[in-house]
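J.: Structure below; questions to follow.
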Amino acid sequence: MKGFLRVWQGLDLEDIEKHLIVVGELSSDCFACRKVGIDSKAHTCPGCGVTFKYMGFRRHADGGYVHKMREELPHLTFIDFEDFKKLIGKREARKLLDI
Ligand SMILES: [Zn+2]
């Protein structure tokens with residue numbers, strides 16, 4: 001029997017920043033250029049043209065919803081957007097301390 005659960009994985013933050021679509025309540029946006037109103041099933045950004053490789057969710061997404069998106073978009077890696085934002089925040093804080 002197969003279950004659908006989240007796993008921890010080491011990923012390249014810079015790669016995520018360049019290829020992330022963030023799904024919100026009503027529409028999605030591109031993390032790289034901040035263009036809003038993108039179809040959540042788009043493969044590329046209509047604003048900057050990047051190919052989406054990762055998908056994050058602005059609102060709480062339950063397992064059933066993510067599973068459905070995954071079946072429709074099997075080429076994407078699904079990340080926890082909160083985790084990602086925390087890591088970016090930590091990295092920026094470290095950059096400030098280095099100065
Ligand atoms: Zn874009």
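J.: Compare Ile21, Ile88, Ile38 in a GNM of the chain, Cα atoms joined below 10 Å, and give the one with the largest fluctuation.
T.: Ile88
J.: Further, regarding this structure: In debye, nearest 20: dipole of the chain around its Cα centre with unit charges on the Cβ of K, R (+) and D, E (-)?
T.: The dipole of the chain has a size of about 100 debye.
J.: Report, in whole Å, the centroid distance computed from the Cα atoms of region 46-80 and region 1-30.
T.: So the two Cα centres are separated by 6 Å.
J.: How much of the accessible area of the chain, in percent, comes from carbon and sulfur atoms when a 1.4 Å probe is used? Present the calculation step by step, with values, prior to reporting the outcome.
T.: Working: 3810 of 7000 Å².
The C+S portion of the solvent-accessible surface of the chain is 54 percent.
J.: Now, a different point. Using a ≥ b ≥ c from the Cα gyration tensor of the chain (square roots of the eigenvalues), is it rounded, prolate or oblate, where a/c under 1.5 gives rounded and otherwise the larger of a/b and b/c decides, a/b for prolate? The partial results should precede the final answer.
T.: On the way: a/c = 1.97, a/b = 1.27, b/c = 1.55.
It comes out oblate by the Cα gyration axes.
J.: Ok, one more. What residue among His43, His75, His19 has the largest mean-square fluctuation in a Gaussian network model of the chain, using Cα springs under 10 Å?
T.: His75
J.: Given a 1.4 Å probe, how much area per residue of the chain is accessible, in Å²?
T.: Numbers: 7000 Å² over 99 residues.
Averaged over the residues of the chain, the accessible area is 71 Å².
J.: With a/c under 1.5 counting as rounded, go ahead and sort region 3-49 into rounded, prolate or oblate using the C-alpha gyration tensor (a ≥ b ≥ c being the square roots of the eigenvalues; past the cut-off, prolate if a/b is larger than b/c, else oblate).
T.: oblate
J.: Moving on to the next point. All other residues with a Cβ under 13 Å from the Cβ of Lys53 taken together, and with Lys, Arg as +1 and Asp, Glu as -1, what is their net charge?
T.: Spelling it out: positives minus negatives among the neighbours equals -3.
J.: What do you get for the angle between helix 81-98 and the principal long axis of the chain? Use alpha-carbon atoms, 0 to 90 degrees, nearest ten.
T.: 10
J.: Separate question: Which of the GluC sites (Glu not before Pro) found in region 21-99 are in a DSSP loop and have at most 16 neighbouring Cβ atoms, other than their own, within 10 Å?
T.: Hits after loop and neighbour filter: Glu25.
The values are calculated or read from the model by the stated rules, or taken from the named source; none is laboratory data. Since the structure is predicted, the reported quantities are computational estimates derived from the model, not experimental observations. Cβ: placed from backbone, ideal geometry, glycine included. Neighbour counts: every protein chain shown. Ligands, DNA and RNA are stripped out before the accessible areas are found, and what is left, the full protein with its side chains, is counted by its heavy atoms. Shrake-Rupley method; radii C 1.70, N 1.55, O 1.52, S 1.80 Å.
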